[in-house]
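Colleague: Can you keep this structure in mind? I'll have questions shortly.
Here, each number is a calculation from the coordinates, and none is a lab measurement. Just so it is clear, the structure is predicted and the values come from calculations on it, not from any experiment. A quick note on method: Cβ atoms are made from the backbone with ideal geometry, for glycine too, and the neighbour counts reach across all protein chains shown.
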Amino acid sequence: MRAIWKGAVSFGLVSIGVKVYSATEEKDIRFHQVHRDDGGRIRYKRTCQVCGEEVSYDDIAKGYDIGGGEMVILTDEDFAELPLTTSHAIDVLEFVPAEQVDPILYNKAYFLEPESSATKPYVLLRDALTDSERVAIVKVALRQREQLATLRVREGVLLLNTMLWPDEVRTPDFGFLDEDLKVRPPELAMASSLIDSMAGEFEPDAFTDDYRAALQEVIDAKIEGREVVQPEEEEAAPAAAVDLMAALKASVERARAARGEAPAGGGAEPTPITSARSAQQAAKAAKTTKAPTKTAEKKAAAKKAPAKKAAAKKAEPAKKAEPAKKAAAKKTAEKKAPAKKAAKKAAPRKTA
């Protein structure tokens, strides 16, 4: 890393010489503007709108537009009179609890490295900040601008976080803030259940810039002359939900499925909403069992009556079987009667 600034941290009567380094860097893939036909770089000329001549950097000054076509021109001599160009101090103003600093105020982060002769006071300030569990509010002049900043400890190194001034933070002015919107307790309970199902520990390394990786793959494929493999399409985002409770419940189930947990009805811990519904259903079932209505009794009697009729119908064939037996007995008797008559005729008569 290359130091971008050198100065001193003023801590009471103690001065700590430090070097300032950028603590972060953007990983965006940068492109040049080129001519589509031959790939030539596109250059821009600095021309004056009044005379039309090309202007070099040495002839460029800073101008402040005061409106009406008038411009106030500031030269290098004007800026030289300001104290920021020669002030290389980080002045500690006060020490405050870290939670009192709104994160929206944070801008850029810088590492502070001690000069060889300032290591001991540097370590002293570092350890004192750690023990107090506070951050130092400081003022510093960086890049020709006075800035508010904080000093805190990160991985054994003092970290300078420049901050926005309070008047640089916009006030939200949206119409819905004046509307009287009320959230029902069941909806709030289900939303809290969704948050609980998606709770976890923040691990920055678990997240990646998928767009940058895909773009780098396209560039590598162009260099190697191979075909670009298209990534799988992600699931489309669902449309705006009409039923908020249904959307929250579905979100909870999806979060549980992503974690490999059982669904709400499969032995998993019930949510406040499902518990309330189960209790209501159980109460209704208990009332029905204890005090059956007259309508229910009539229905039960109606169900028993067809059963009796069916049993009676099954018994009827048994009665019909008796006439059949009588008819068979008659036929047998009729056959036997002629045989007896024939036997009487054939028998010899006794002689006197």
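Colleague: List pairs: first residue in segment 18-40 and touching a residue at least 40 places away in the same chain (Cβ under 8 Å), second residue loosely packed, with under 10 Cβ neighbours inside 10 Å and in a loop (DSSP other than H, G, I, E, B) anywhere in the structure, Cβ distance under 9 angstrom, at least six positions apart or on different chains.
Modeller: Taking only residues 6 or more apart or on different chains, the pairs are Y21/R2; S22/R2.
Colleague: Here's something else I'd like to know. How many residues are loosely packed, with under 14 Cβ neighbours inside 10 Å, in a loop (DSSP other than H, G, I, E, B) and not acidic (D, E) when one looks only at segment 4-50?
Modeller: 22
Colleague: E155 passes all but one of (1) in contact with a Leu (Cβ under 6 Å, 6 or more places away or on another chain); (2) at positive phi; which number fails?
Modeller: Among (1) in contact with a Leu (Cβ under 6 Å, 6 or more places away or on another chain); (2) at positive phi, E155 violates only (1).
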